[in-house]
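S.K.: Right, I'll just put the structure down here and ask away after.
The values are calculated or read from the model by the stated rules, or taken from the named source; none is laboratory data. In this text, all values refer to a predicted model and were calculated from it rather than measured experimentally. Note: ideal-geometry Cβ built from the backbone for every residue, glycine included; neighbour counts use all protein chains shown.
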Amino acid sequence: MAKIGESEKKLLEAALKAMRNAYLLWGFRVGAAVIAEDGQVYEGCNVESWVSGLGTCAERCTINHAVLHGNHKIEEIAVVMDVNSHKKPMPCGACLQYIYDFAENPKIKVVTANAENGRIQFETVKVKTIEELLPFPFRK
Ligand SMILES: [Zn+2]
């Protein structure tokens, strides 16, 4: 288990709460939460569609939520996945790029964890920086 502070706990709990609202057709529940440049926490969940590729991941939903409130930078993100359907919580490649695009700097933390029966499994928490997870981001 990674050592985490109050800000990581707060984000994980917000992501867990958002995960309950995931809109599923065939996949698994994911919740995410960011601390944005205004200091507020914004949450999101995955939203699926019958049309492949039309739905959105929780991470991008969360960042869009922060943007909706006038933020263009995030300082940290937490992602929680339902353990009953997915064992290794990790943002997909598209979301890693999206997180990088909105990251305050390449050192922002990406905190991941599994959830089971409505609780964070704190022994599964991992903390990495976005540059560790995406060392070669797309840039123009
Ligand atoms: Zn994704």
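S.K.: Return the pairs, sorted by first residue and then second, in which the second residue is part of a loop (DSSP other than H, G, I, E, B), the first residue lies in the stretch 53-80 and is among the hydroxyl-bearing types (S, T, Y), the beta carbons are less than 8 Å apart, and the residues are 6+ apart or on different chains.
M.R.: Every condition considered, the pairs that remain are T56/N46.
S.K.: Here's something else I'd like to know. Return the residues of the stretch 27-64 that are more than 15 Å from the ligand (Cβ to nearest atom) and either assigned to a helix (DSSP H, G or I) or charged (D, E, K, R) (or both); say none if nothing qualifies.
M.R.: Matches in the stretch 27-64: E37, D38, E43.
S.K.: Residues in the stretch 75-122 that are in a strand (DSSP E or B), within 15 Å of the ligand (Cβ to nearest atom), of a type in the set (V, I, T) and touching a helix residue (DSSP H, G or I) at 6+ places or on another chain (Cβ under 7 Å): how many?
M.R.: 4
S.K.: Which ones in the stretch 81-135 are touching a Lys or Arg at 6+ places or on another chain (Cβ under 6 Å) and among the polar types (S, T, N, Q)?
M.R.: T112, T129
S.K.: Take the residues in the stretch 82-107 that are at pLDDT 95 or above, crowded, with 21+ Cβ neighbours inside 10 Å and not aromatic (F, W, Y), then tell me which one is farthest from W26 (Cα to Cα).
M.R.: A103
S.K.: Here is a follow-up. Of everything in the stretch 65-74, what is part of a helix (DSSP H, G or I) and either buried (at least 17 other Cβ atoms within 10 Å of the Cβ) or within 11 Å of the ligand (Cβ to nearest atom) (or both)? Give them in sequence order.
M.R.: Listed by number, the residues that qualify are H65, A66.
S.K.: Considering only the stretch 3-28, state which residues are at pLDDT below 95 and either within 17 Å of V83 (Cβ to Cβ) or touching a His at 6+ places or on another chain (Cβ under 6 Å) (or both).
M.R.: Passing the criteria: G27, F28.
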